[in-house]
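Step one of this worksheet: look at the structure below.
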Amino acid sequence: MTQPSKQTTKDMSESRSTERKGWLAFLAIVAMFGALTTALQFSSREKLHQLALNREASSYLTNLESYSLAVEDEFLEQDLVFVELGMEELVHDSRDYLEAIALRSLEIQETLGVFAFDRNQRLLEMATDSTHPPADADRLKSLDLLPFHPLLVGERHLSILYPMGEKGELGFLELLVEPQAILAQHGAIDEEIFQQGLWAFALGTILLFLIFRALLSRLLRSERELLRKSANLKEANLRLSQACKTAGVGAVTAHLMHALKSPLMGLKNLELDPGEGRESTEENLRATTRKIESLIEQTLNTLRECNLNEESYSFESQEVLSLAAGKFNEGENLRVSVLEGPASTFKIDNLKANLILPILHNLIQNSIESGPEVKVFLQAESRGDSLFLSVRDNGPGISPQAEGNLFKPMQSQKENGTGIGLAICKELADRAKAAIELEKSTKKGTSFRIEIPVENGN
């Protein structure tokens, strides 16, 4: 049975994690929806309770108005008689009106008691008073703009305030009514609101679940597609990296092959010229062998560090130039000179240095082979964020016809030349993210320049 790969297991784990987070988010949304539904229920409940109280209070308003009109008619007839008899002191005042209306209000079946207040909101002692506490001053003040003010006091009674006369010019009455009727209405309202809220929450949750499930499915499909594309991209990047590394290795190997051409030609000449002395032949053979070993060791070290792809150490630009010059300066025959420059302390990491050195070797070799008296000068310069390594000589220069094809393979001015040396230099420079160009060439000498982007200066 085929075991799932590590990448597939990781993708499945990430998918499960996303689904788990999605469900947690859904539960949080449902909780918020439940809290919002509950808050709306309480708000609606309070409003409906208040509407029920107002409706209950308004039902007694008709009775009070009829009592008020009846009392007013009776007192008006009596007051006219008292006036005709000259007994004005017996004319009824506002207290008499309030007391008469309060007494008649006791005829309402649900009434438990009635309090009366004068127009200055002072409590008047009457026979209709109840053992319950009367309304406070704040409620009386609220009647300036209201036809009545109901208040349910727990399950003990319903207190309703009414202004008597125009805006309470006669005073105020407080009816204390049995609470059973209004409590029943409130209970019915609560039950209806609870059922509606429960249905709304259930239907809303089902709708949210369907929407969330559809969105989560799309999200999981998109995530799986993204993971698949990411895996493909990662694989493509790996292949590209391997291709780039292979190209770099190929360039370094090509440099080795090109560099081995000269010592191998020397071995061939030794074989073709048996007239030389034995000792001289052995010495030339040992020197050629050492040169081949040095080239192979240098190339192997470069390939090893390219394969590791780690910037583990760095060289100063002057060190790189000195290493390149040291290969060609043997004994007293110093044909390559390293000039001091303002950029001598610029750093080059080991990866770039291992690719730049073969370029310098190739350029120096070309200059030396252009004539027995040719001298080569190396120097490091800087400009902006780039380091420039220049290789100048005092040789005969490059013909104008050859300048346009310098970095193309199979183009050479030298006898027995392969025409791939500068092409390899161009490939190595590309691997090092550098650039190589012919700066100038005259009959008095040639100058090549290698541009290396650097992040830090000294």
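Summary table
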{"quantity": "Selection count where residues are acidic (D, E), exposed (fewer than 15 other Cβ atoms within 10 Å of the Cβ) and closer than 22 Å to M164 by Cα, scope segment 78-95", "calculated": "1"}
{"quantity": "Search result, residues across segment 152-192 that are farther than 22 Å from E46 by Cα and part of a loop (DSSP other than H, G, I, E, B)", "calculated": "G165, E166, K167, G168, E169, L170"}
{"quantity": "Long-range neighbours under 9 Å by Cβ, at least six apart or interchain, first residue under 22 Å from P358 (Cβ atoms) and β-branched (V, I, T) within segment 396-420, second at pLDDT 65 or above and not in a loop (DSSP other than H, G, I, E, B)", "calculated": "I398/L438; I398/S441; I398/T446"}
{"quantity": "Unmet requirement for S58, which otherwise passes all of (1) under 30 Å from H186 (Cβ atoms); (2) at pLDDT 85 or above; (3) out of contact with any strand residue (DSSP E or B) (no Cβ under 7 Å at 6 or more places or on another chain); (4) surrounded by 14 or more Cβ atoms within 10 Å (Cβ to Cβ)", "calculated": "(4)"}
{"quantity": "Residues that are out of contact with any helix residue (DSSP H, G or I) (no Cβ under 7 Å at 6 or more places or on another chain) and closer than 23 Å to A432 by Cα, drawn from segment 334-344", "calculated": "G341, P342"}
{"quantity": "Condition met for A52 (more than 30 Å from E223 (Cα to Cα) and touching a residue at least 24 places away in the same chain (Cβ under 8 Å))", "calculated": "yes"}
{"quantity": "Tabulated pairs, segment 315-342, first under 16 Å from H361 (Cβ atoms), second in a helix (DSSP H, G or I) and of a type in the set (S, T, Y), C-beta under 6 angstrom, 6+ apart or interchain", "calculated": "V338/S322"}
{"quantity": "Selection within segment 120-151 - in a loop (DSSP other than H, G, I, E, B), surrounded by fewer than 17 Cβ atoms within 10 Å (Cβ to Cβ), under 60 Å from the mean Cα position of the chain (by Cα) and of a type outside the set (D, E, K, R)", "calculated": "L145, L146, P147"}
{"quantity": "Single residue of D393, D430 found to be of a type outside the set (G, A, S), surrounded by fewer than 20 Cβ atoms within 10 Å (Cβ to Cβ), over 17 Å from L323 (Cβ atoms) and at pLDDT 80 or above", "calculated": "D430"}
{"quantity": "Failed item in (1) assigned to a loop (DSSP other than H, G, I, E, B); (2) under 17 Å from N329 (Cβ atoms), with I398 passing the rest", "calculated": "(2)"}
{"quantity": "In segment 160-182, the residues that are surrounded by 15 or more Cβ atoms within 10 Å (Cβ to Cβ) and either of a type in the set (A, V, I, L, M, F, W, C) or touching a Pro at 6+ places or on another chain (Cβ under 7 Å) (or both)", "calculated": "I160, L161, M164, L170, F172, L173, E174, L175, L176, V177, I182"}
{"quantity": "Residues of segment 312-368 that turn out to be in a strand (DSSP E or B), of a type outside the set (K, R) and under 14 Å from V454 (Cβ atoms), as a count", "calculated": "5"}
{"quantity": "Odd one out for N329 among (1) closer than 23 Å to E427 by Cα; (2) touching a strand residue (DSSP E or B) at 6+ places or on another chain (Cβ under 8 Å); (3) modelled with pLDDT of 75 or more", "calculated": "(1)"}
{"quantity": "Among (1) over 24 Å from E166 (Cβ atoms); (2) part of a helix (DSSP H, G or I); (3) in contact with a strand residue (DSSP E or B) (Cβ under 8 Å, 6 or more places away or on another chain) - the single one A102 does not satisfy", "calculated": "(1)"}
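Residue by residue, here is whether (1) in contact (Cβ under 8 Å) with a residue 60 or more places away in the chain; (2) among the hydrophobic types (A, V, I, L, M, F, W, C); (3) within 19 Å of H49 (Cβ to Cβ) holds:
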{"position": "L140", "(1), (2), (3)": "no, yes, no"}
{"position": "L145", "(1), (2), (3)": "no, yes, no"}
{"position": "G154", "(1), (2), (3)": "no, no, yes"}
{"position": "P163", "(1), (2), (3)": "no, no, no"}
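The values are calculated or read from the model by the stated rules, or taken from the named source; none is laboratory data. Everything quoted here is computed from the prediction, not taken from an experiment. Every residue, glycine as well, gets a Cβ built from its backbone with ideal geometry; the counts of neighbours run over all protein chains shown.
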